[in-house]
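Nothing in this text is a laboratory measurement; each read-out follows from the coordinates by a stated rule. Everything numeric in this text was worked out from a predicted model, so none of it was measured. Glycine gets a Cβ as well: all are built from the backbone with ideal geometry, and neighbour counts include every protein chain shown.
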Ligand SMILES: [Zn+2]
């Protein structure tokens with residue numbers, strides 16, 4: 001099976017670009033007004049109706065800037081409409097305020113041997129040195145897609161989309177991974193394991209830090225700068241943890257020649273609800289981000305990822321299918337019918353794995369699909385009556 005992995009890399013730019021941001025903003029906003037008035041979300045239509053007019057109006061720009069402005073306009077207007085439908089849109093009409101310019105393969109080229117980008121500008125092509133880290137080295141052999149030129153606090157960045165075609169093999173087994181706010185629990189063919197991410201503590205620490213800054217420094221540029229600095233640090237610390245945990249899940253999948261099963265995002269809302277009482281601002285758990293990191297790392301290693309419907313994964317007994325009830329103890333659940341007592345994250349991971357095995361989506365041979373201790377029969381009851389919580393490994 002062939003699949004494509006797409007990743008966006010962010011580079012800081014050394015060097016200057018002629019200031020095109022305001023002009024580009026003006027161009028996009030003009031297009032946005034038109035799209036809004038005529039309710040146009042189709043790039044083709046917007047281009048056919050406005051491209052030549054805008055080229056005449058903005059002759060200083062290389063023509064493809066008008067082209068990418070049309071693309072950006074359509075996606076901005078589309079997301080505005082979406083927000084509007086949910087009642088979350090700011091203002092009555094879409095306005096583009098960011099210092100962002102979209103570049104396609106005609107407007108920029110990238111030489112990865114020496115990390116130099118050449119960008120078309122009103123004053124001709126400008127060469128820019130990209131600052132890169134160890135993380136970026138792997139992109140040297142990837143395909144280059146579109147890019148965004150971004151200005152933030154007077155620094156310039158280039159976000160580039162890279163893609164790579166990978167061969168994904170058909171595995172013989174499956175691992176169920178339950179992604180939780182403070183840990184990831186996996187159900188392997190031979191047992192359960194858990195990694196504590198400690199994300200909750202990181203979030204709380206930075207939440208308190210933000211509050212202190214907000215109460216001590218009243219408004220102004222310094223406060224904004226400090227908040228941005230700590231926001232960036234928080235994001236990076238959490239991302240580091242995500243990468244470590246994702247590497248572990250992928251390693252486990254490789255060891256047992258397994259596919260990785262994850263829960264489909266659509267059904268996560270019910271879980272968010274139960275921690276919403278904590279605090280809206282505290283709750284920044286990026287569940288989907290962690291899933292996406294696991295997914296691309298898996299694919300790069302030739303491991304397929306399947307998403308299963310999360311419905312019932314934390315509420316039904318993986319052995320007999322009865323509804324589970326809380327066991328009084330912290331985070332454990334009990335089955336009244338068969339007597340199973342287990343940690344709720346273990347049950348989540350276990351059910352995720354079982355769902356895939358039942359739907360036969362990982363290609364496991366029929367005879368091995370239901371190991372004896374995972375069938376609905378009474379035989380397994382004794383073995384599973386006291387399922388121990390998995391080994392907890394803290395980083
Ligand atoms: Zn049961």
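Pull out a ≥ b ≥ c, the square roots of the eigenvalues of the alpha-carbon gyration tensor of the range 77-208, then state rounded if a/c is under 1.5, prolate if not and a/b is larger than b/c, and oblate in the remaining case. Here the range 77-208 falls in the oblate category. Determine, from the Cβ-Cβ distance of residue 37 and residue 98 and an R0 of 25 Å, the FRET efficiency 1/(1 + (r/R0)^6), rounded to the nearest 0.05. Result of the calculation: an efficiency of 0.70.
For the chain, the mean residue ellipticity at 222 nm estimated from helices alone is -13000 deg cm²/dmol, where every DSSP H run of n ≥ 4 contributes -39500 (n - 2.57) and the total is divided by all residues, rounded to the nearest 500. Comparing 121, 197, 313 in a Gaussian network model of the chain (Cα springs below 10 Å), the most mobile by mean-square fluctuation is 121. Specify the angular offset, from 0 to 90 degrees and rounded to the nearest 10, of the alpha carbon long axis of helix 199-216 from the longest principal axis of the alpha carbons in the chain. Value to nearest ten degrees: 50. With a ≥ b ≥ c taken as the square roots of the eigenvalues of the C-alpha gyration tensor of the range 12-97, please select rounded if a/c is under 1.5 and otherwise prolate if a/b is larger than b/c or oblate if it is not? Because a/c hits 1.5 or more and a/b fails to exceed b/c, the range 12-97 counts as oblate. For residue 233 and residue 327, what does the FRET efficiency come to when R0 = 41 Å and r is the distance between their Cβ atoms, rounded to the nearest 0.05? For R0 = 41 Å, the calculated efficiency reads 0.60. Kindly express, to the nearest 10 degrees and within the range 0 to 90, the angle between helix 21-38's C-alpha long axis and the longest C-alpha principal axis of the chain. Between helix and principal axis, roughly 70 degrees. Taking the centroid of alpha carbons for each part, the range 97-129 and the range 10-75 are 16 Å apart.
Axis angle, to the nearest 10 degrees, between helix 64-85 and the longest C-alpha principal axis of the chain: 50 degrees. Once you order the gyration tensor axes a ≥ b ≥ c over the Cα atoms, which shape class does the chain get: rounded for a/c under 1.5, otherwise prolate or oblate by comparing a/b with b/c? Note, shape of the chain comes out prolate.
The listed peptides 303-310, 216-223, ordered by packing as a protection proxy, come out as 303-310, 216-223 (highest mean of other Cβ atoms within 10 Å first).
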